[in-house]
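The structure under discussion appears below in the form of C-alpha cells.
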C-alpha cells in the first residue's frame, strides 16, 4: 500500500506542477498580448493626436492633448484630445482596432468583426457622450459640441445605425477631410477671447494627482461607478 500511495502522490504532484506551469504560461502569453495591444493603441493615439495638433495649428485653433480631468469632489474622466475652433468644441475619442466595427447609438456594446470572429467592444458614441457631458458640467459653458470618433486606418469598416447629427465617425487617413467638413458645416462663431476662455476653463481641471488617477483607474476597471 505504501508503494502505491507514494506513486500516486508523485503522479499527483507531477500533474499539479504541469497544470500550474500551463496556467502560468497561458497567463504570461495573455499578458504579453494585452501589453502589445496597448502599445500599438498608444502609438496610434500619438499619431492621430499629432495630426490633430497640426490641423489646429494650421487653422489657428486650440488643441488640448490627452488628459485626465477632475471636478466637484469625485468626478474624474479622461479624454483623448479636445479641439476648440471658432465654430465648436470638438471632443475626440480615438480607437485602434483591426477588422471592422458595427453597432447603433443605443447599443450597450458594439461588435468588432475580425474575419469570421465576433467580439464585444465599447460603444464609442455613448463613451464620448459621457465625456461631453462631463465637460459641459465641468466648465458651465454652452457651445456647439461635436463628438469626433477617429479609428486607426487599419480599421476596415465602420457601420453605425441612427448616428446623431453631432457625431462624426472617421478613419485616420480621412481625418483632415472630416475636420474641414465639420468647420464648413457650422454657422456658429466664437471670438478668440471666447476660445481662450473655454480653453482656460478646461485646462484648469486637468489633474495628475495620485488620488485622482487611482480613482480613474477604479472607474475604468469597473470597480467604482462613474
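Given Cα pairs under 8 Å that are at least 6 residues apart, what percent is the relative contact order of the stretch 139-190?
Numbers: 36 pairs, mean separation 19.6, N = 52.
Relative CO of the stretch 139-190 lands at 38 percent.
Taking 22 Å as R0, compute the FRET efficiency from the Cβ-Cβ separation of residue 126 and residue 159 and round it to 0.05.
About 0.85, to the nearest 0.05.
Just to be sure I understand the model, the point goes 7 Å from the Cα along the line to the Cβ. What's the resulting residue 220 to residue 133 distance in nm?
It works out to 2.0 nm between the two label points.
As a footprinting exposure proxy, order 117, 47 by other Cβ within 10 Å, with the fewest listed first. Before the final figure, lay out the partial values.
Working: 117 8, 47 15.
Going from sparsest to densest Cβ surroundings: 117, 47.
Can you pull the one-decimal nm distance between simple spin-label points at residue 106 and residue 118, each 7 Å off the Cα toward Cβ?
1.9
Whole Å is fine, so just give me how far the alpha carbon centre of the stretch 165-226 lies from that of the stretch 105-147.
Distance between centres, Cα-based: 12 Å.
Let's test the formula: R0 of 30 Å, r as the Cβ-Cβ distance of residue 43 and residue 208. What FRET efficiency results, to the nearest 0.05? Display every interim value, and only then the final one.
Details: r = 22 Å, r/R0 = 0.74.
Given R0 = 30 Å and the Cβ-Cβ separation, E is 0.85.
Using the Kirkwood radius built from alpha carbon pairs, what does the Stokes-Einstein equation give as D for the stretch 94-226 at 20 °C and 1.002 mPa s, in µm² per second?
This corresponds to a translational diffusion coefficient of 126 µm²/s.
So, in nm, how far is label residue 54 from label residue 75 when the simple model puts each one 7 Å beyond its Cα toward the Cβ?
3.6
Suppose a student asked you for the relative contact order of the stretch 42-97, using Cα pairs under 8 Å spaced at least 6 residues apart; what percent would you report? Don't skip to the answer; put the middle values down first.
Working: 69 pairs, mean separation 17.0, N = 56.
Rounded, it is 30 percent for the stretch 42-97.
If R₀ is 45 angstrom, what is the calculated FRET efficiency for the pair residue 196 and residue 17, using the beta carbon separation as r and rounding to 0.05?
On the way: r = 65 Å, r/R0 = 1.44.
Efficiency, rounded to the nearest 0.05: 0.10.
Relative contact order, percent, of the stretch 42-220 when contacts are C-alpha pairs under 8 Å separated by at least 6 residues?
Numbers: 296 pairs, mean separation 44.9, N = 179.
Relative contact order of the stretch 42-220: 25 percent.
Only the coordinates and a few stated rules stand behind these numbers; no lab work does. Source: prediction; values computed, not measured. All Cβ positions, glycine included, derive from the backbone under ideal geometry; neighbour counts span all protein chains shown.
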